[in-house]
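Following: one structure in C-alpha cells, then a few remarks.
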C-alpha cells in the first residue's frame, strides 16, 4: 500500500522493508548506536530472528511448489507474501508451523549457552546477549502459535478444523476464535500499558481486520456473499433487475411453483422407430395445446429440449 525498499534476495525471494517501517527502524538504529555495539548486535539479532521466521514459512511454501513473492518488514514485524495458499489442511498446517518451528529450534540450540551463562561460565555481556536471543526466539515462536487467525496458530487451527469440515466453515470458526483472542490481547495490552505491552492493542486490531478480510476472500471464492452472516448466502432483490451481483455472487432463484415442476423423463427401454407410440411420453404439466400467455417457463423449455419423443395435445387420449 505504501511501497517498500528493496534490500536483496534470499533463496530467490525478494527482501523488502516497508516505507512505513523505515522511520521506526531509523529511531531504533540511532538509539542502539548510542548505546554501543551490544545494542546494535541485539537489534540485528531481533531482525534476523524475524527474517528467519518468515524464511521458514517461505521455504516450506516453496517445498509445495508455491510462489513466494516477497518477505517484507513492517511495523508489526515481518510477513511472507505468497501468490496463493491451496485449500489443503496439510499444506497450510506445514507452512504455518514452519515459522514458529524455526524460532523454537533456535531457542533450543541456544539453551546450552544459556545454561553456561546461568552457571557463571560466560562473561556478563555474553550472558546478556544469550538471554536476549533466547527470549526473542521463545517470544516469536510461542506468541505466533496463539490461535488468532490469521497468525500462525490461527492457521493451524483452521487446518485442524478443515480435516473435519469444509474450508469455508473452518475459516469462519478460526476467525471467530481469533476475534476472541484479539479481544483478550487488546484488554491485556491496555491494562499492562506501563509494562511495555502497548503494541498488543494494535496487534489485536490487525488480527481482527486481517482475519475479516481473509474470511471475505474465502467466501467470495466459494460463491458466498461476504455479508452472508447478516443477509444469508445470497441477497435476492439487492441488485436491480434481478441480476446477479456484480461481484459474481449467486442470486437466489425463487422456488418453482407446482405448475412449473417437471418430472424427469423416462429413458425408453429399447430404441423405437420415429412415430412409435406408447413408449415416449410428453413431460408432465406441459400442455402444448394450451400455452399460457407470456410463454413457457425456462424449466418447461429445458424439459422440452430434453424430451426424446413426440408431443400430444391436451385431452388427447392417445398416450
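Readers should treat all values here as calculations from the given coordinates under stated rules, not as data from a laboratory. These figures come from a predicted structure and were not determined experimentally. For neighbour counting, all protein chains shown are included, and Cβ atoms are generated from backbone atoms with ideal geometry for every residue, glycine included.
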Going by C-beta contacts inside 10 Å, put 27, 203, 95, 190 in order with the fewest on the left. 27, 190, 203, 95
At a 10 Å Cβ-Cβ cut-off, how would you order 6, 64, fewest neighbours first? 6, 64
Cut-off 16 Å, label point 7 angstrom out along Cα-to-Cβ of residue 20: give me the residues of the stretch 66-84 whose amide nitrogen falls inside. 72-81
Considering only DSSP beta bridges whose two residues both sit in the stretch 1-149, what percent are antiparallel, to the nearest 5? 75 percent
Using only alpha carbons, build the gyration tensor for the stretch 1-145 and give me the equivalent ellipsoid semi-axes, biggest first, whole Å. 29, 21, 10
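Order these by the 10 Å Cβ neighbour count, fewest first: 25, 149. Working shown, then result.
Values: 25 15, 149 31.
Going from least to most buried by this count: 25, 149.
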